[in-house]
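The values are calculated or read from the model by the stated rules, or taken from the named source; none is laboratory data. Predicted model only: the values in this text are computed from it and were never measured. In this analysis, Cβ positions are derived from the backbone assuming ideal geometry, glycine residues included, and neighbour counts consider all displayed protein chains. For accessibility, only protein heavy atoms count, side chains too; no ligands or nucleic acids. Shrake-Rupley method; radii C 1.70, N 1.55, O 1.52, S 1.80 Å.
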Amino acid sequence: MNDLIEFDETQGLFHLHNQQISYLMAIEDFGLLSHLYFGPAVAQYHGQRRYPRRDRGFSGNLPGAEDRRFSPDTLPQEFSSSGAGDYRIPAAEIYQANGSKATDFVYQGYQILAGKPQLAGLPATFVQDQAEAATLVITLVDSASQVALDLSYTIYRQRPIITRAVLVRNQGQTPVRLNKIASVQLDFPATDLEVISLPGAHVRERQVQREKIGYGVKSFASRRGATSHQMSNFISLVTPATTENQGAAYGIELVYSGNHALELEQDQLGQLRLVAGINQADFSWQLAPLEQFQTPEVILAYSDQGLNGLSQAYHHLLKERLVRSPWQNRPRPILVNNWEATYFDFDEAKLRPIVDQAAELGLEMFVLDDGWFGHRDNDRSSLGDWVVDQRKFPQGLTHFTNYVHQKGLKFGLWFEPEMISRDSALYHAHPDYLLAAPDRQPAPSRDQFVLDLGRAEVRENIYQQMAAILATGQIDYVKWDMNRHFADLFSDALPADRQGEVSHRYMLGLYALLERLTQNFPQILWEGCSGGGGRFDAGMAYYMPQIWTSDNTDSVARLAIQWGTSLVYPPSLMTAHVSAVPNHQTGRTTSMALRGDVAMSGMFGYELDLTKLTPAEKQAVKVQIATDQQYRALVQQGDFYRLSAPETPAGCAWSFVAADRSEMLAFAFSELSQAQPAFQLIKFVGLDPQRQYQDQATRQVYGGDELMNLGLYRPVASGDFQSWRYHFRAL
Ligand code: DGJ
């Protein structure tokens, strides 16, 4: 027993609780584990919410049942079996050696542990001190197959968070095949919950979509081998009345970077089932006797303070107990990246003036993007050959990195370690290293192919190549890119009946490689990227404290992208750059001020040819750098609040509030200006209502309650694409 987790033996009841949330389960007839409740804390549960009994047509009973009113098809459950009379989406589908996939998982026992055990081979949230969380492990067993499921539930003491994961153990004499194994199932009583998801596309990631849930099955999924730009691995369930600052909001977020499915089913009685985990499409896994399979972790959160409350819960957890990098709380260097400045067309002589200009303007890091290795003059060659291109750097890479360092700048370097070009030395030496089905041409995407990272020798090759460069001590930052999705899921290293394991083995291999590199080179600032935000997820954040949010650097498009991303991910994870106009993705021209304010709302940098700026623009850059240096700690470490959404009449606005509420930085943005505009208010959030705050620009003083309840009229925009900054300090 533990003060966070109670087991009531007489009622067969588990209660995980802290000051903010409660999670309740009960052992029902036949040992079925039923889900009772997840939501605001209840100090004590008096057994009033046992699932009522009623005989329902075509919802059958379990073998040996006397009571026709008890059916697995209607009971809210913790982890449903398949083939045993629950017709809703199952959490597991396990084929046994005899071909049957019927399983009947029943309660066997439990264990309560202090703290939170790590998940073998997978990224996961952690604790620093055993007292800050407790973990309940409930074991369910299917007696015919002798497969055991350890359902683990960690509750954090100070957070409205429960993490879950499942360990499958084959205790039988014969192998079984996992066809589906979710990380979480969460059943809700009949509700009118709505679902918020984050769909998108390359250069249009994480757009907020809110929908009603009707009868039937709905799935938010990726089978692209990566989290994807197209559908994030997060959803929120909210009531119709939930807003940014009020109402109930549940969050479900996978700590995984591969294929995922978050499935919802509203059943015949209006009850809602959520099942989330690795996508069962393109997945199966052989489990020999005594072997185990660990699912990825899922982070469940609950807030009764609307979506901002939910985001706060995720932001704090991710910043404090997921990202491990020593850079998490260090000021991130303001960088200039040469991608949109030069693309592939550069050599050392051409880059030097950009470096000179960066130093002169006060930037802190130069990042050399794609094209420095092999003979890569375009995107058709050289991936896999992590050797400097002597044509572009005749005196070697170190000659250039020395130059950058002598200018007082840090040096960053781009890699795309998971890929191979056919036109590469690596391919000529190891044509079998890529994922490709026998007797078929693998499908190209950006003319590149995916390395089989499930194989140790492939990982070793890439590790050695990268380590040789990183060990020079010249590289302060690495941008880890990944620019295609999987097509040819076949590994030469696996037998025919294990090909369903390729995608997940790839992920385990990727995580092993990331672990080795980030642990052996911990002082490097690692930035994740996948054609922008194609793998913006908690799995990658475990290794990398920042991720390139999108290849779309247009500041207007970025408002919606950064807004949607912030639903789960803190600004400290989001990198954002000022780029040239007309913008390379949208053709739009916006002011330097707007571009600066949007980029400063994340981890700040530039992505343009600094030498081409006008004197006025250079002056603006100097001011932006000083401004970002002034505010970056607040942006990185403060609490982020969404104030009003992009593309609304009021226009997008958001703020950063210091943990002690002594300071606030807010931005308001307008898109298209209007004739006869309505006056719009901006109401701030998260301030101390008792304190007085001074506007640092006007010196005007306001109460925190005034700023939050009355708000301020926003300036009226004259012209398109404007932004305003507000900076308040408590007196
Ligand atoms: C995609 C990235 O998102 C870009 O920033 C850039 O690094 C290119 N790849 C380079 O190929």
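Annotations for the structure displayed:
- Inter-centroid distance (Cα atoms) of the stretch 253-289 relative to the stretch 608-638, Å: 44 Å
- Reach of residue 407 by Cα under 15 Å, taken over aspartates and glutamates that are not fewer than 8 positions away in the same chain: 348, 356, 360, 364, 476
- Sites residue 690 and residue 201 - FRET efficiency at Förster radius 41 Å, r taken between beta-carbons, to 0.05: 0.35
- Percent RCO, i.e. relative contact order, over the chain, from Cα pairs under 8 Å lying at least 6 residues apart: 10 percent
- For the pair the stretch 498-522 and the stretch 90-141, the centres of their Cα atoms are 22 angstrom apart.
- Across the cross-link table entries 116/410; 319/410; 350/410, which are compared at the Cα atoms, the separations over 30 Å belong to 116/410.
- Full-extension gain in nm, residue 460 to residue 440, via 0.36 nm per residue minus C-alpha separation: 4.5 nm
- Figure legend: label point modelled 7 angstrom from the Cα of residue 591 along Cα→Cβ; residues of the stretch 652-694 with amide N under 11 Å from it are 670.
- The GluC sites (Glu not before Pro) of the stretch 52-118 that DSSP puts in a loop, and whose beta carbon has at most 14 other beta carbons within 10 Å, are 66.
- Rounded to whole Hz, the Karplus (6.51, -1.76, 1.60) HN-Hα couplings of the stretch 593-607, x for glycine and proline: 5, 5, 4, x, 5, 5, 5, 5, 7, x, 7, 7, x, 10, 8
- Between 0 and 90°, nearest 10: helix 502-520 axis offset from the chain longest Cα axis: 50 degrees
- Probe 1.4 Å, protein heavy atoms only - accessible area per residue of the chain in square angstrom: 36 Å²
- Among 144-157, 123-136, 677-690, the peptide with the highest mean count of other Cβ atoms within 10 Å heads the list, and the full ranking is 144-157, 123-136, 677-690.
- Carbon plus sulfur fraction of accessible area for the stretch 1-86, probe 1.4 Å, in percent: 47 percent
- Order by protection proxy (mean Cβ within 10 Å, highest first), peptides 53-65, 517-529, 448-460, 546-558: 546-558, 448-460, 517-529, 53-65
- The residue among 65, 727, 272 whose Cα reaches farthest toward the positive pole of the charge dipole of the chain, with charges on the beta-carbon of Lys, Arg, Asp and Glu, is 727.
- Using only side-chain charges placed at the Cβ, +1 for Lys and Arg and -1 for Asp and Glu, the dipole size of the stretch 69-195 relative to its Cα centre rounds to 280 debye.
- Segment residue 243-residue 406, extension gain: residue separation times 0.36 nm, minus the distance between their alpha carbons: 53.6 nm
- Beta bridges by DSSP in the stretch 535-674, antiparallel share as percent, to the nearest 5: 60 percent
- Kirkwood hydrodynamic radius of the chain, from inverse mean 1/r over distinct Cα pairs, in Å: 27.1 Å
- Apolar share of the accessible surface for the stretch 160-309: 48 percent from carbon plus sulfur atoms, 1.4 Å probe.
- Helix-derived mean residue ellipticity, 222 nm - over the chain, DSSP H n ≥ 4, -39500 (n - 2.57), to 500: -5500 deg cm²/dmol
- Between 172, 229, 201, the Cα set farthest toward the positive side of the dipole of the stretch 163-230 (charges on each charged residue's Cβ, about the Cα centre) is that of 172.
- Electrostatic tally near residue 164: other residues with Cβ closer than 13 Å to its Cβ, Lys and Arg +1, Asp and Glu -1, net -3.
- Under the convention that each Lys and Arg Cβ holds +1 and each Asp and Glu Cβ holds -1, the size of the dipole of the chain around its Cα centre is about 900 debye.
- Which of 421, 400, 536, positive extreme of dipole for the chain (C-beta unit charges): 400
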